[in-house]
Amino acid sequence: MVTTNLITRARAGDGSAFRELTEPYHRELQVHCYRMLGSFQDAEDVLQDTLLAAWQGLAGFEGRASIRTWLYRIATNRCINALRSAKRRQAKEWDAPEIQPPEPTGLSEVVWLEPYPDALLEGAIDGPPGPETRYEQTEAISLAFVTALQVLPARQRAVLILREVLGYHASEVADMLDSSVESVNSALKRARVGLQRRLPPTDEQPPAPDSPAEQALVEKFVRAYQSGNVNALVALLTEDVRVSMPPVPLEYYGRDAVHGFYTSVMRPDRLYDLVPTRANGQPAFGTYLRTSIDGVRRGTGLLVLTLTGDQVSAVTRFDNSALPWFGLPRSLPG
């Protein structure tokens, strides 16, 4: 009755009723758009586009599905349209001329990726799982999962997220995408194969967030990184560790390659301070370069750690433009 009353008022032009009707879903819709697009900024843009489309199209809401499902239908199709119409994102050149990095092990298949602040996940991934859910909500926001999604075609990506992350039935997804159940099931099979090919093996689970085990490993990483101790840093890494830095496509795989990379980055005249935060359910840090000129420590980027067991299995470095999303300043006083 409450929902029916809000719909009636919203259809009559009551903006406050529309906000009350849709606001409970804003956060989870933004996370959905982020999974689809891999971009924090693009997800916010598509969320606003979704809400505008819902406001303008409320008269056509027939009540055959819930308001939540109707909003997911709009958001998913807006994301698919955005992916199809977007120009290919260009990789960024290495932009630190004072550092000459070694030859990379490889080039990243996904160059456009942004981190998602944990502060915005509260209430967004805690809902009850649907009957078809296969992946934990926390797992499905990890950088590895979101990165693997970006390689899938847009429609396969949508089907996998709706079916196995959000738990919608095949018939519901078919209705959302104006498709058939057979087409949805076929897309899901192909998406599963593509996703598993790119997800790293999960023999060991990461320590629980903020657990003593996670804190101990993170503290060792911070000490090694801030002191510029490359050997101590590399000792914390898995044998198959990966360092990536979107939108710069360079990637380094394995301890030897990563040792060479950090040896070029960390020098006595280039030491960093790390300010903790969290991104994608993982430990993260704003990195600030200490300078001797004016004492100001300038933000150089955001590091996100992927933990496996009691080691670090991946380090992803993002541009310093991400710092404000985490409430981190562009610079720190000396």
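Yes or no, residue by residue, for (1) outside any loop (DSSP other than H, G, I, E, B); (2) aliphatic (A, V, I, L, M); (3) at pLDDT 95 or above; (4) in the same structural domain as residue 326 (by TED's automatic domain parsing):
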{"position": "125", "(1), (2), (3), (4)": "no, yes, no, no"}
{"position": "129", "(1), (2), (3), (4)": "no, no, no, no"}
{"position": "134", "(1), (2), (3), (4)": "no, no, no, no"}
{"position": "179", "(1), (2), (3), (4)": "no, no, yes, no"}
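Rundown of residues vs (1) part of a helix (DSSP H, G or I); (2) without any contact (Cβ under 8 Å) to a residue 60 or more places away in the chain; (3) not assigned by TED's automatic domain parsing to the domain that holds residue 128, yes/no style:
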position: 13; (1), (2), (3): no, yes, no
position: 21; (1), (2), (3): yes, yes, no
position: 35; (1), (2), (3): yes, no, no
position: 50; (1), (2), (3): yes, yes, no
position: 53; (1), (2), (3): yes, yes, no
position: 63; (1), (2), (3): no, yes, no
position: 70; (1), (2), (3): yes, yes, no
position: 94; (1), (2), (3): no, no, yes
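Answer yes or no as to whether residue 232 is in the same structural domain as residue 136 (by TED's automatic domain parsing), outside any strand (DSSP E or B), farther than 26 Å from residue 321 by Cα and touching a helix residue (DSSP H, G or I) at 6+ places or on another chain (Cβ under 7 Å). No; evaluated as a whole, the condition is false for this residue. The strands (runs of 3 or more DSSP E) falling completely within the range 279-334 include none with 1 or more residues that are buried (at least 20 other Cβ atoms within 10 Å of the Cβ) and outside the structural domain of residue 228 (by TED's automatic domain parsing). Starting from residues that are buried (at least 18 other Cβ atoms within 10 Å of the Cβ) and in contact with an Asp or Glu (Cβ under 8 Å, 6 or more places away or on another chain), keep the ones in the range 95-112 and report whichever is nearest to residue 256 (Cα to Cα). So, considering only residues that are buried (at least 18 other Cβ atoms within 10 Å of the Cβ) and in contact with an Asp or Glu (Cβ under 8 Å, 6 or more places away or on another chain), the one nearest to residue 256 (Cα to Cα) is 104.
Could we say that residue 163 is crowded, with 17+ Cβ neighbours inside 10 Å and either touching a residue at least 24 places away in the same chain (Cβ under 8 Å) or not assigned by TED's automatic domain parsing to the domain that holds residue 81 (or both) here? The answer is yes for residue 163.
The values are calculated or read from the model by the stated rules, or taken from the named source; none is laboratory data. Being a predicted model, the structure only gives us computed values, none of them experimental. Reconstructed Cβ throughout: ideal geometry from the backbone, glycine too, with neighbour counts over all protein chains shown.
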